[in-house]
Amino acid sequence: MSTFHLVSLGCPKNLVDSEVMLGLLQESGWQLKESAEDADVLIVNTCGFIQAAVEEAVDEILDLVKIKSEFPRKYVVVTGCMVQRYGQNLVAGLPEVDLFVGTEGEKDICSLLAEMQSGSLQNKVHLPELFLMDSKVPRILSTPFFRSSLKLTEGCNNRCSYCMIPSIRGKLRSRPIDDLVLEMQHLQKSGVKEISLIAQDLTAYGRDLGNGVTLPALLESLLAETDVPWIRLMYLYPSGVSDELLTLIRENRRILPYMDIPFQHVSDSVLRRMNRHYSSFDLCRFVERVRDAVPDIALRTTMMVGFPGETEEDVQQLLDFLREYRLDHVGLFAYTNEEGSASEFFEDQCPEEVKKERLDRAMRLQADISERKLQSYVGQTLPVLVEGLSRETDLLLEGRSQYQAPDIDGCVYINDGMAAPGEIVNVHITEAQIYDLVGAVVGQEGNNAG
Ligand code: SF4
């Protein structure tokens, strides 16, 4: 029996691809090894949308190449977005790698590894035509059993000027509603309590299919044909959020009062150069509209500072917006000038030290806002999905409220009461920290979201 070791880098969408490779390999008799030293084939599923991710991937590959140098009979295989982005150009720089597989080639992983091991591989780089997974493709979850993601689409038809994803992942391809319902039912049977719906732009779901295939239509079917208690909406696009969607969220507590919705900036001139299709006025109206519709909703966004041509006035406008609208979670990043992006040759590129200073200022402000906002939960009782023993200490349990997404937001430390991983319990919040809450279990939440 052949064995493999798999390292998965990048976003939750890439993790689903890794889980599909896990499923395909295990279904055809391969055995997964936790340590690279114990495996015949060493696979790293890469991210490639920004240089920092590419550097992380190269470091990971070189670690595996070092192990191969000690055990020459091993193979190193590189898959994912970095391969899709750079293709054949990787061969010269990474000669020790035996096989490169692009994002659309992961379905062929078993036959490619067999050819590689038999020495009959025609080409080291495998970049096939566009592929879209479906519910029949085997998938082994790598997340805790009680939470997972459902990938609605591949690719993106937007053309944000700083973004490489459309050139890596291709045009928008949506999965049919009935196929997504089937996969969600599979996940429910395997014990999943929280499902994050993911895509490059969740609000674009179904635009390529037409026939009334939309995000609200999908949610109606998922609510009707599954009992998963927590459905979380990730990667929404501001101008794509309909009143129909807001009504669904308000009237169905299984769709969590939570939105991950990247704004990227609030200055009209910066948004225009980013080729984002909304204005500062739209964003202000949007936040008010969403909070009117779902008063307790938690809003997570992403903001980028240092975009070419960004002025001090633009930065002040961004900081004023954060101060006024006090968003729950804000991921702050500095612009990176990506080779091949539309903005690569934009004039007025920001010096790195200026980007850093603007980023630090925004992060200090948001940390203060986050801490004050979390104070509002003290004294409340919140449904919390228990993750297990805290990573900080065995004396505490750790979980997340419906206002906190996995891996990117804070958590709830439970300092009194017992509960098992995967349980949704009521926790009375007694304390708030900068990003986390503390509280005690006060009862079962049952299986339906609070
Ligand atoms: S919406 Fe914009 S930033 Fe997001 S993947 Fe598409 S092009 Fe990139």
Where no second cysteine Cβ lies under 4.7 Å, the cysteines concerned in the chain: 11, 47, 81, 110, 156, 284, 350, 411
Which distance in Å, rounded to a whole number, links the C-alpha centroids of region 8-27 and region 131-145? 7 Å
Once fully extended, how much extra length lies between residue 73 and residue 116, figured as 0.36 nm per residue of separation less the alpha-carbon to alpha-carbon distance? 14.3 nm
Using only protein heavy atoms and a 1.4 Å probe, report how much of residue 428 is accessible, in Å² to the nearest 10. 60 Å²
Using a 10 Å cut-off on Cβ atoms, rank the peptides 389-401, 150-162 from the highest mean neighbour count down. 150-162, 389-401
Cα centroid separation, region 65-116 to region 350-409 (Å): 37 Å
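Using the structure shown, list the pairs from 33/68; 74/124; 33/66; 33/189; 13/124; 66/356 with a Cα-Cα distance above 23 Å, or answer none. Walk me through the numbers on the way to the answer.
On the way: 33/68 15 Å; 74/124 16 Å; 33/66 18 Å; 33/189 26 Å; 13/124 25 Å; 66/356 34 Å.
Among 33/68; 74/124; 33/66; 33/189; 13/124; 66/356, the Cα-Cα distance tops 23 Å for 33/189; 13/124; 66/356.
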Counting only heavy atoms of protein chains, what accessible area per residue, in Å², does the chain have with a probe of 1.4 Å? 42 Å²
Backbone HN-Hα couplings from phi across region 206-221 [Karplus 6.51/-1.76/1.60, Hz, Gly and Pro as x]: x, 4, 7, 9, x, 6, x, 7, 9, 4, x, 5, 4, 4, 4, 5
Protein accessible area in the chain, 1.4 Å probe - carbon and sulfur %: 53 percent
Once the whole set of protein chains is in place, how much accessible area is left on residue 186, using a 1.4 Å probe, in Å² to the nearest 10? 90 Å²
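The values are calculated or read from the model by the stated rules, or taken from the named source; none is laboratory data. Bear in mind that the values here come from a model prediction, so they are computed numbers and not experimental data. Note: ideal-geometry Cβ built from the backbone for every residue, glycine included; neighbour counts use all protein chains shown. The accessibility values were calculated without ligands, DNA or RNA, using every heavy atom of the protein model including side chains. Shrake-Rupley method; radii C 1.70, N 1.55, O 1.52, S 1.80 Å.
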